[in-house]
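Heads up: the structure comes next, in structure tokens.
The values are calculated or read from the model by the stated rules, or taken from the named source; none is laboratory data. Quick caveat, the model's predicted, so the values are computed rather than measured. As a convention, Cβ positions derive from the backbone with ideal geometry for all residues, glycine included, and neighbour counts pool all protein chains shown. Remember, those area values only see protein heavy atoms, side chains included, never the ligands or the DNA or RNA. Shrake-Rupley method; radii C 1.70, N 1.55, O 1.52, S 1.80 Å.
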Amino acid sequence: MERVSKHNYYLDIAQTVAERATCLRKRYGAIIVKNDSIIATGYNGAPRGRKNCSTDLGTCMRDQLGIPRGERYELCRSVHAEANAIIAAPRDQMLGATLYMVCINASSGELEAGTSSCMMCKRHVINAGIAQVVVRDTKEEYRIINVADWIENDDSLSGVFGY
């Protein structure tokens, strides 16, 4: 019997974490790992004590307004999975760590290939000192993103003020 790879092992755990998400669009799960120890987990959902879209409200404001993915996050009730994992982890343990992330389409229950962190979460990951992000595309396939590339290729400047 062949053992699951280390990356897919952690991605499987992140996928289980995503099952706790309360978003009606996408269910994200994230875990932060350093030296083969899980430092923290996070999923996307409403802040503690606030009503969530899935079980409390039964509706998504962004869906109601027809807002596409990647726009107007200030209207979303959820804290993103990466941010929740970072909030739960001590910074000294995140330095040089790896963040594993999985996205599941809430409607179909299928893995969402090609997903990535939003620009705000990229900033959180950079400031946390996380070295790489591993994103699942299929049950066996994943991408490894070096956070240094997010620093070097600053996408926050593209299309803004003529840059």
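Annotations
- Mean residue ellipticity (222 nm) of the chain, computed from DSSP H runs ≥ 4 via -39,500 (n - 2.57), nearest 500: -7000 deg cm²/dmol
- Other residues lying with their Cβ under 12 Å from the Cβ of residue 24 contribute a combined charge of +3, Lys and Arg counting +1, Asp and Glu -1.
- Normalising the average separation of contacting C-alpha pairs (under 8 angstrom, six or more residues apart) by the number of residues puts the relative contact order of the stretch 1-106 at 38 percent.
- Over the Cα atoms of the stretch 1-113, the radius of gyration divided by the Kirkwood radius equals 1.01; this is the Rg/Rh ratio.
- Kirkwood hydrodynamic radius over Cα pairs of the stretch 1-58, then Stokes diffusion coefficient at 25 °C and 0.890 mPa s, in µm²/s: 194 µm²/s
- Note that the stretch 22-163 presents 56 Å² accessible area per residue, ligands and nucleic acids not counted, probe 1.4 Å.
- The percentage of C-alpha pairs in the stretch 94-135 whose separation is greater than 16 Å is 42%.
- The stretch 53-163 pair-distance distribution - Cα-Cα, 10 Å bins, rounded %: 12, 37, 37, 14, 0
- Taking the accessible area of the chain, probe 1.4 Å, and keeping the other protein chains in place, the carbon and sulfur fraction comes to 49%.
- Seen from residue 56, the other residues with C-beta closer than 11 Å to its C-beta sum to a net charge of +3, counting Lys and Arg as +1 and Asp and Glu as -1.
- Size of the stretch 44-92 from its Cα atoms: along the principal axes, largest to smallest, the extents are 41, 24, 12 Å.
- Net +/- balance of residues flanking residue 66 in space, Cβ distance below 14 Å, scoring K and R +1, D and E -1: +2
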